[in-house]
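These notes are about the structure you will find just below.
The values are calculated or read from the model by the stated rules, or taken from the named source; none is laboratory data. Treat the numbers as computed from the prediction; the structure is a model and nothing was measured. A quick note on method: Cβ atoms are made from the backbone with ideal geometry, for glycine too, and the neighbour counts reach across all protein chains shown.
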């Protein structure tokens, strides 16, 4: 397995430079957006209603317009907090932005990836030692079941250095360099999977998510509720993998298209989310919430200018799914 040099990428992206988030001002005076369908997937379109700022459980939150970055709601949006596995958004972005990346390159699973999960009590894609998964599969394994083993495999593959420790350290450095390039001064990555002292603000996480969602592969992965694939096993046979997306907003809120959950004791329950209705896409973040999916639905309803016709019923995860 060869190391590779990661080239610093300019902050500009195809289709135009990223736009800065606007200050969180005069929120209560904003005009409600045009009416869209309510969050219950089966409900009829709701009428336009007067908008008031939603009350949410999260300690920090933001909602932005995915097209232009305009802030539509903020609660301590510029306060840095632990972000748990939402850090994997940046890990995936670094991989996808590696010059010449081959998504079909096969990466052998090493026992140390599994040991890392055990040592840290992390969520896992249950990668089996000796199996050879593609980079694309490892991205699914990182973003759907939030597999720390898969994130480790990517960092070990796309970092530089003579040892795994050197390579993962250089990969984390690249994550921080990317944060600086994107103009995220309060975002700090301490690990490749969010298990360290990784922190950011709701506003900066939403800006990162907006950037990541410009990549077709990333968008396709994070909107996938379940992935099934196969890989050559160490014994010469075929291994079959099934990974379920820990983001239960998918399939529960009408128009939800991603993005990533995160949960640790310091961070609480976190969620970076996005939804599209018609030609409008909204992106948001809730950090340290006791009811992250309801919070996300409330923010999206606020942004779309609708009220729910019925309570949102969360998509159930299979019994053996990871929780994050």
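The table for this structure:
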| quantity | calculated |
| --- | --- |
| Odd one out for residue 193, checked against (1) in contact with a helix residue (DSSP H, G or I) (Cβ under 7 Å, 6 or more places away or on another chain); (2) surrounded by fewer than 22 Cβ atoms within 10 Å (Cβ to Cβ) | (2) |
| Subset of segment 157-180 [closer than 24 Å to residue 145 by Cα and in a loop (DSSP other than H, G, I, E, B)] | 159 |
| Residue check, residue 183 over 24 Å from residue 121 (Cα atoms) and part of a strand (DSSP E or B) | no |
| Test for residue 219: is it within 15 Å of the chain's Cα centre (by Cα) and more than 30 Å from residue 110 (Cα to Cα) | no |
| All strands (runs of 3 or more DSSP E) inside segment 222-324 with 1 or more residues being within 22 Å of residue 133 (Cβ to Cβ) and within 15 Å of the chain's Cα centre (by Cα) | 238-244, 256-264 |
| Selection within segment 191-221 - outside any helix (DSSP H, G or I) and in contact with a strand residue (DSSP E or B) (Cβ under 8 Å, 6 or more places away or on another chain) | 194, 195, 197, 198, 199, 200, 201, 213, 214 |
| Selection count where residues are surrounded by fewer than 17 Cβ atoms within 10 Å (Cβ to Cβ), in a strand (DSSP E or B) and in contact with a helix residue (DSSP H, G or I) (Cβ under 7 Å, 6 or more places away or on another chain), scope segment 96-138 | 0 |
| Residue among 298, 290 that alone is at pLDDT 95 or above and surrounded by fewer than 19 Cβ atoms within 10 Å (Cβ to Cβ) | 290 |
| Every pair of residues 6+ apart whose Cβ atoms lie under 6 Å, when the first sits in segment 173-191 and is on the phi < 0 side of the Ramachandran plot while the second is exposed (fewer than 15 other Cβ atoms within 10 Å of the Cβ) and at pLDDT below 95 | 181/11; 182/11 |
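Residues checked against (1) surrounded by fewer than 16 Cβ atoms within 10 Å (Cβ to Cβ); (2) at pLDDT 95 or above; (3) closer than 29 Å to residue 310 by Cα:
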site: 154; (1), (2), (3): no, yes, no
site: 171; (1), (2), (3): no, yes, no
site: 211; (1), (2), (3): no, yes, no
site: 223; (1), (2), (3): no, yes, yes
site: 229; (1), (2), (3): yes, yes, no
site: 246; (1), (2), (3): no, yes, yes
site: 253; (1), (2), (3): no, yes, yes
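Conditions tested, residue by residue: (1) part of a strand (DSSP E or B); (2) buried (at least 22 other Cβ atoms within 10 Å of the Cβ); (3) in contact with a helix residue (DSSP H, G or I) (Cβ under 6 Å, 6 or more places away or on another chain); (4) at pLDDT 95 or above.
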site	(1), (2), (3), (4)
42	no, no, no, no
46	no, no, no, no
61	yes, yes, yes, yes
68	no, no, no, yes
